[in-house]
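Chemist: Input: one structure, supplied below.
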Amino acid sequence: MPFLKQLTTRELEILSLLSQGYTNSSIADTLFIDIKTVEHHLNSMYSKLKSDPDYNTKHLRVSAARLYLEKMACCTRKKIRSLALALNSPDYSKKTASSLIFQVTTSNSKPIDGSRSLPGSIQAIITGISNFTNKNNAGI
């Protein structure tokens, strides 16, 4: 079973913060839990990751963060691809594009603190698509 699918909700929350560069102490403060609890969840994640022989000789904290970030980027890319296909479809509608833009901008890749910031390149794509949509549907 893939590493990320083995994780609990709390472990995913911690991994999200870890992948943003938070220290154990700042993770504990953000989630209002004891640092020992953070360490417990991290050790649980690391043991799940170590069950994959590819990660026995790699730095576990870095590997876990990399896997998480790759998965979040993949999810966002899939949503952007869907949006591009919708824009090129003969059945394209402003409502469809707006719905897909909403899905991309509210994807699981947003930081756990609730902000809606996305990587600059993704935000630029979304802005460009939004501008394209507004121009092409101004008369609708």
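Chemist: Could you list, in sequence order, the residues of segment 30-63 that are touching a Lys or Arg at 6+ places or on another chain (Cβ under 9 Å), touching a residue at least 24 places away in the same chain (Cβ under 8 Å) and closer than 15 Å to Q20 by Cβ?
Modeler: Of everything in segment 30-63, just one residue is touching a Lys or Arg at 6+ places or on another chain (Cβ under 9 Å), touching a residue at least 24 places away in the same chain (Cβ under 8 Å) and closer than 15 Å to Q20 by Cβ, namely L42.
Quick grid of which residues meet (1) modelled with pLDDT under 95; (2) not acidic (D, E):
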| residue | (1), (2) |
| --- | --- |
| Q20 | yes, yes |
| D29 | no, no |
| D34 | no, no |
| N43 | no, yes |
| D52 | yes, no |
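Chemist: Quick one: Y55 ticks every box in (1) touching a Leu at 6+ places or on another chain (Cβ under 6 Å); (2) within 20 Å of C75 (Cβ to Cβ) bar one, so which box is it?
Modeler: With respect to (1) touching a Leu at 6+ places or on another chain (Cβ under 6 Å); (2) within 20 Å of C75 (Cβ to Cβ), Y55 is out only on (2).
The values are calculated or read from the model by the stated rules, or taken from the named source; none is laboratory data. Values in this document were obtained by computation on a predicted structure and should not be read as measured data. Positions of Cβ are backbone-derived with ideal geometry, glycine not excepted, and every protein chain shown enters the neighbour counts.
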